[in-house]
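Here is the structure we will look at, set down as structure tokens.
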Amino acid sequence: MKALYVTSLHTSSGKTALCLGLARRMQAEGRKVGYFKPLSVQAWTPGKFQTDEDADFVRRILDLSEDVRDLVGVMLAPDTVKHLVATEPNTALLDQVKASFGKVSQGKDVMLLEGGGSLREG
């Protein structure tokens with residue numbers, strides 16, 4: 001399995017669109033493509049649980065079978081981020097990201113990982 005990490009220096013720069021374009025092209029070539037967002041700081045609550053709007057959009061467009069909650073490693077609200085910055089590093093969060101990635105990458109030829117809104121995010 002190959003992994004491609006897509007990131008940017010700025011928010012709203014087209015990372016999701018680039019991931020979708022690459023994924024659709026690879027799917028058309030017969031590859032099994034997955035998507036993963038290791039960290040999201042923009043919680044979206046469309047129903048009973050928080051998720052990432054980009055991850056849900058990508059899941060629907062690419063017709064991925066995974067639960068949208070599994071496509072995001074860690075969902076952090078702004079107040080949670082402030083708390084984490086003030087405390088010692090939490091390795092449990094990294095373990096959570098690794099476990100989620102392992103789950104959604106099974107059986108895939110290529111995984112597209114979408115980075116945060118800047119190089120400092122995450």
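The values are calculated or read from the model by the stated rules, or taken from the named source; none is laboratory data. Everything quoted here is computed from the prediction, not taken from an experiment. Virtual Cβ from ideal backbone geometry, glycine too; neighbours counted across all protein chains shown. Keep in mind that these areas ignore ligands, DNA and RNA; they rest on the heavy atoms of the full protein, side chains included. Shrake-Rupley method; radii C 1.70, N 1.55, O 1.52, S 1.80 Å.
Let's see how each residue does on (1) hydroxyl-bearing (Ser, Thr, Tyr); (2) at pLDDT 90 or above:
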site: 1; (1), (2): no, yes
site: 14; (1), (2): no, yes
site: 38; (1), (2): no, yes
site: 44; (1), (2): no, no
site: 51; (1), (2): yes, no
site: 57; (1), (2): no, yes
site: 78; (1), (2): no, no
site: 84; (1), (2): no, no
site: 90; (1), (2): no, no
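Among all residue pairs at least 6 apart or on different chains, which show Cβ distances below 7 Å where the first residue, located in segment 89-118, is within 17 Å of residue 63 (Cα to Cα) and assigned to a helix (DSSP H, G or I) and the second is of a type outside the set (Phe, Trp, Tyr) and open to solvent by less than 20 Å² (accessible area, probe 1.4 Å)?
Filtered contacts from segment 89-118: 104/34; 104/71; 105/34; 105/111.
Residue 73: at pLDDT below 95 and either touching a Ser or Thr at 6+ places or on another chain (Cβ under 8 Å) or among the acidic types (Asp, Glu) (or both), yes or no?
In short, yes.
Kindly establish whether residue 106 is at pLDDT 90 or above, surrounded by fewer than 18 Cβ atoms within 10 Å (Cβ to Cβ) and among the polar types (S, T, N, Q). Explain how you work it out, then say what you get.
Working: at pLDDT 90 or above: yes; surrounded by fewer than 18 Cβ atoms within 10 Å (Cβ to Cβ): yes; among the polar types (S, T, N, Q): yes.
In short, yes.
Only residues in segment 11-23 that are among the charged types (D, E, K, R) count as the first member; pair them with residues that are open to solvent by less than 40 Å² (accessible area, probe 1.4 Å), Cβ under 7 angstrom, at least 6 apart or cross-chain, and list the lot.
Within 7 Å, the pairs are 15/6; 15/8; 15/114; 15/115.
Any residue that is assigned to a loop (DSSP other than H, G, I, E, B), in contact with a helix residue (DSSP H, G or I) (Cβ under 8 Å, 6 or more places away or on another chain) and either surrounded by 14 or more Cβ atoms within 10 Å (Cβ to Cβ) or at pLDDT 90 or above (or both) - is there at least one of those in segment 28-35?
Within segment 28-35, none of the residues are assigned to a loop (DSSP other than H, G, I, E, B), in contact with a helix residue (DSSP H, G or I) (Cβ under 8 Å, 6 or more places away or on another chain) and either surrounded by 14 or more Cβ atoms within 10 Å (Cβ to Cβ) or at pLDDT 90 or above (or both).
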